[in-house]
Amino acid sequence: MRLLLPLTLLPLLAQTNETPPTFTPKTESFNYTRRTEMIPMRDGVKLYTVILTPKNARRAPILLTRTPYSAKDLTSHAESSNLGTILNGYDNAVETIIEGGYIRVVQDIRGKYGSEGEYVMNRPLAGPRNPTKVDHSTDTYDTIEWLTKKVPESNGNVGILGISYDGFLPLMALVNPHPALKVAVPMNPMVDGWRGDDWFHNGAFRQQGMAYIHDQQATRSNDIKWYTIHFDDYDMFMQAGSAGNLGRQRGLEQLGFWQKIIEHPAYDAYWQDQAMDRVLAAQPLNVPVMLVHSLWDQEDIYGAPAVYKAIEPKDSNNDKVFLVMGPWHHGQQIADGSSLGAIKFDSDTGLYFRRKILRPFLDQYLQDAAPKHSIAPVTAFETGTNEWRQFARWPTAPSRPLYLNPGNKLSFTAPQSGPAFEEYISDPAKPVPFRARPIQPIGYTAPLSWARWLVDDQREASGRPDVVSFVSEPLTQPLKISGEPIANLVAATTGTDSDWVVKLIDLYPDQVAGQPEMGGYQLMVSADIFRGRYRESLETARPIEAGKPLPYKFALPVANHVFLPGHRLMVQIQSSWFPLYDRNPQTFVANPFWAKPEDYKKATQRIYHAPGQSTSISLPIAP
């Protein structure tokens, strides 16, 4: 018997392609609408922009993030009908967006991903470092101008926020801001790439960031990836010799920003002109700004406090500049903030920030008829006691010197007698690892642990012969520091260049009840590196006079910490922090990026603690 098919099915059986020419998704059940626009800038370049509007939004404010990390990806964390699900990730604090009824706008900056134009790393303002007439300030202005006219659901108020590079961009928006820009929240912003953020720290090059430069500039969409040739980055960088040689091996000379880095190893006008704390110090203060800082920011630990220091004096009424400091790694304020590595904080500090600080702050400036917030000008988490504290200004503590003493002792009493120095041999062939090996590359996804290296236990370093340690007696009462510790180092080297790493450490008691694994833990509270060739001038490198005790003075990152009774203070000093920072050859060369194998030489390092020649750490001690 022959089966007869309805005539209506015969065309379907004849089809060879089962995919329709176009497919229209059914999104009626979604709680948001999604628009993508190419927004024109004043020079004709169009920027790819994703606009996410909650359903039934009326007179809703706009929260804008501009990014080099793909607006499409940052607004597509899941395939879902729920706005919170697709936004759940790096680019924002989800509770603020969803519960607040905000319109979310994320835009690719020029030259990246879906946007037109040319990409320049941290594009400077139009002027000496940027011969064009456009920059991130003008692009933000033009974007806001378009949004306020083309998004009918908006009330016309715009806020801008972001983290890291996305946090640098709100700072740029404060230059000649659009009238509709009512508030800015730069979180962990890149501010000064030489003094203490991504590229250098006080002249020492952060060479593990080379992978980022490679991926970010090689292609518009980060399609070509840096590769590793060793499981342990320590081995890879050692085998390369110098950072410049590794860059040559990977083809980095093709990248414009890499060329600028190797041409400007000192703090010359190239870096100074781009430092956003300097830029904003010269600008009027028109827009309320909340600077968000992570006390253990492993990438941009310099930026937010530096901007606060630069612009807070302009805030005559103490109502436009706000600073929040939390016990986080870079960006952790939008994630679980209950702990960092082995350190526990007794509550979810990230959630507290988002609900109790960020949300009411944004609402006041952006929502119609929102209540005035009661947020203090400075809100800082106090590590050690695990309490949030409020201040009118920052810092508030006077400094008191903590002296290195003979016998590897620390004391608030200056040394009176005894040996003049401690010494160690610094060997570039065996640099001190910045964390326990094998050292993983920079990355945030498991099993990579880059985000927590600043709270790594420092016991491994304290046992090395090329690290000197000084320890106080156990404390009998709490000791609180609030501000920047200052390293006042008196040191000599048999070389003609040297790096100095100073680490202020909270040494836990030998036994800790309830958390036995913390017994004897060595927690870095504040630490940094200084390249000795810049002792006399950050702008001009000069050789060190070999064998002569010389003073070195540099600030360590901000801390707000209480050393508890039974704990001890520890200071560690060393001359390498590898491979995060490139090796100092310990022989003065014109440009360390091109140091040759024969330039790398052992040196005897002496740290002085003699009367009149005493190393100390100035601690900002609070009541």
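Rundown of residues vs (1) among the hydrophobic types (A, V, I, L, M, F, W, C); (2) assigned by TED's automatic domain parsing to the domain that holds residue 69; (3) modelled with pLDDT of 95 or more, yes/no style:
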site: 84; (1), (2), (3): no, yes, no
site: 95; (1), (2), (3): no, yes, no
site: 111; (1), (2), (3): no, yes, yes
site: 114; (1), (2), (3): no, yes, yes
site: 120; (1), (2), (3): yes, yes, yes
site: 125; (1), (2), (3): yes, yes, yes
site: 134; (1), (2), (3): yes, yes, yes
site: 139; (1), (2), (3): no, yes, yes
- Note on the structure: Scanning region 466-481 for residues that are closer than 13 Å to residue 618 by Cα and in contact with a Ser or Thr (Cβ under 6 Å, 6 or more places away or on another chain) gives none
- Task: Hey, can you tell me all the residues within region 194-237 that are crowded, with 20+ Cβ neighbours inside 10 Å and either polar (S, T, N, Q) or more than 24 Å from residue 574 (Cβ to Cβ) (or both)?
- Result: 202, 207, 208, 213, 214, 217
- Can you find even one residue in region 520-533 that is of a type in the set (A, V, I, L, M, F, W, C), over 30 Å from residue 442 (Cα atoms), in the same structural domain as residue 484 (by TED's automatic domain parsing) and in contact (Cβ under 8 Å) with a residue 60 or more places away in the chain? no
- Query: For residue 529, which of the numbered conditions (1) more than 26 Å from residue 459 (Cα to Cα); (2) touching a His at 6+ places or on another chain (Cβ under 6 Å) fails to hold?
  - Reply: (1)
- Note on the structure: Taking region 500-518 and keeping only residues that are touching a strand residue (DSSP E or B) at 6+ places or on another chain (Cβ under 8 Å) and among the β-branched types (Val, Ile, Thr), one is left with 501, 502, 505
- Task: Examine region 375-390 for a residue that is modelled with pLDDT of 95 or more, buried (at least 18 other Cβ atoms within 10 Å of the Cβ), touching a Pro at 6+ places or on another chain (Cβ under 8 Å) and in a loop (DSSP other than H, G, I, E, B), and state whether such a residue exists.
- Result: yes
- Query: Looking at region 130-142, which of its residues are in contact (Cβ under 8 Å) with a residue 24 or more places away in the chain and either crowded, with 17+ Cβ neighbours inside 10 Å or touching a Pro at 6+ places or on another chain (Cβ under 9 Å) (or both)?
  - Reply: 134, 135, 136, 137, 138, 139, 140, 141, 142
- Message: With the structure loaded, tell me whether residue 145 is of a type in the set (D, E, K, R), surrounded by fewer than 18 Cβ atoms within 10 Å (Cβ to Cβ), at negative phi and not in a helix (DSSP H, G or I) or whether it fails that test.
- Response: no
- Message: Out of everything in region 493-547 that is buried (at least 22 other Cβ atoms within 10 Å of the Cβ) and over 30 Å from the mean Cα position of the chain (by Cα), what residue ends up being farthest from residue 617 (Cα to Cα)?
- Response: 495
- Note on the structure: If we ask which residues in region 165-180 are touching a strand residue (DSSP E or B) at 6+ places or on another chain (Cβ under 9 Å) and surrounded by fewer than 24 Cβ atoms within 10 Å (Cβ to Cβ), their number turns out to be 4
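The values are calculated or read from the model by the stated rules, or taken from the named source; none is laboratory data. Just so we're clear, the structure is a prediction, and the values are computed from it rather than from any experiment. Ideal geometry is used to build each Cβ from the backbone, glycine not excepted, and the neighbour counts take in all protein chains shown.
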